[in-house]
Amino acid sequence: MDSFWIMLTGSLVAVTCGLLGCFLILRRMAMVGDAISHAVLPGIVIAFFISGSRTSLPMLVGAAAVGLLTTWLIEVFNKKARLQKDASIGLTFTSLFAIGVILISAFGGNVDLDQDCVLYGEIAYVPLDLWITGSGISLGPAPVWILGLVFLLVVLMIVAGYKGLYLTTFDEQYAAALGISTAFWHYLLMSAVSLTTVVSFESVGAILVVALLIAPAVTAYMLTDDFRKMLFISALAGIVSAVGGYYLAVSINGSIAGAMATVAGFLFALALLFAPHRGILYKYMQKPSGPATVPG
């Protein structure tokens, strides 16, 4: 049963991240997830100072607030200061992460931040974090319920707001000409990315979250030009990465999070080699085999 909960947790994270990753890839903001996963550190520290507790809810609220601040600063630097997006992302997350480190070193010498759990994740512990009701009934791991709720919210957002998200992703100027608020859909998407990133890395670690935000989406991007199919393929690649990664980790007795990220990278490598139209093998076969001969 523990195996089922671990694979279900990994699949929920992979599908949610993969769906959002499709929008990030096409908006050329793939590293926003990485930025948020680092930049939320001051939010976690401040939440600890205010609440005096290391329980999940204050940490989640603090991290989510700074996650939103991160996306807002990236947008301000990009639009107002006219910095490139990659420069805006790099400047924002390094600055906020540094502020978090300073806060810990100056005021929180006794704060215990477990690097192994935060960065590398320990999804193997998910089955131990049970949600037990007041009457003593176990409802299964709490992270599965939380991630399941976030997954449903993201799917609902995409289904209900597909037109706005689609148009603002592919052509912001055309969307604005139709009267669609590009700022609203941008911040709604970034809020979903922030919430997903913060909730997920508590269970699986920041590195796996970043891998699952990018790898399944770029794999799908290599395989199709149809955006709806891209969303579906990304979700499927995420599930294969989670389930395949678990069995790979069991077979080699290694890190589950690392194995899931490895399988996600392997799927992308296959798409890079064999994808129709964009694959390396396809492009190689389309090249002329030799110089044209002139009939004598």
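Ellipticity at 222 nm from helices only: DSSP H runs of n ≥ 4 in the chain, each -39500 (n - 2.57), divided by the residue count, give -24500 deg cm²/dmol. Net charge of the neighbourhood of Pro143, taken over other residues with C-beta under 14 Å away and scored Lys/Arg +1, Asp/Glu -1, is -4. Rounded to the nearest 0.05, what FRET efficiency do Asp226 and Val101 give with R0 = 35 Å and r taken as the Cβ-Cβ distance? Could you check? Once rounded, the FRET efficiency stands at 0.20. Of all segments of the chain bounded by trypsin sites (Lys or Arg not before Pro) found in a DSSP loop with no more than 15 other C-beta atoms within 10 Å, the longest spans 83-277. Taking a straight Cα-Cα cut-off under 26 Å and skipping sequence neighbours fewer than 8 places away in the same chain, the lysines within cross-link reach of Lys163 are Lys79, Lys85, Lys229. Measuring r between the beta carbons of Ala176 and Ala81 and using R0 = 22 Å, the FRET efficiency lands at 0.60.
Extension gain for Leu188-Leu130 works out to 17.8 nm (0.36 nm per residue, less the C-alpha to C-alpha distance).
None of the figures in this text is laboratory data; all of them are computed from the coordinates on show. Keep in mind that this is a model prediction, so the values were computed, not measured. FYI the Cβ positions are ideal-geometry reconstructions off the backbone, even for glycines, and counts take in every protein chain you see.
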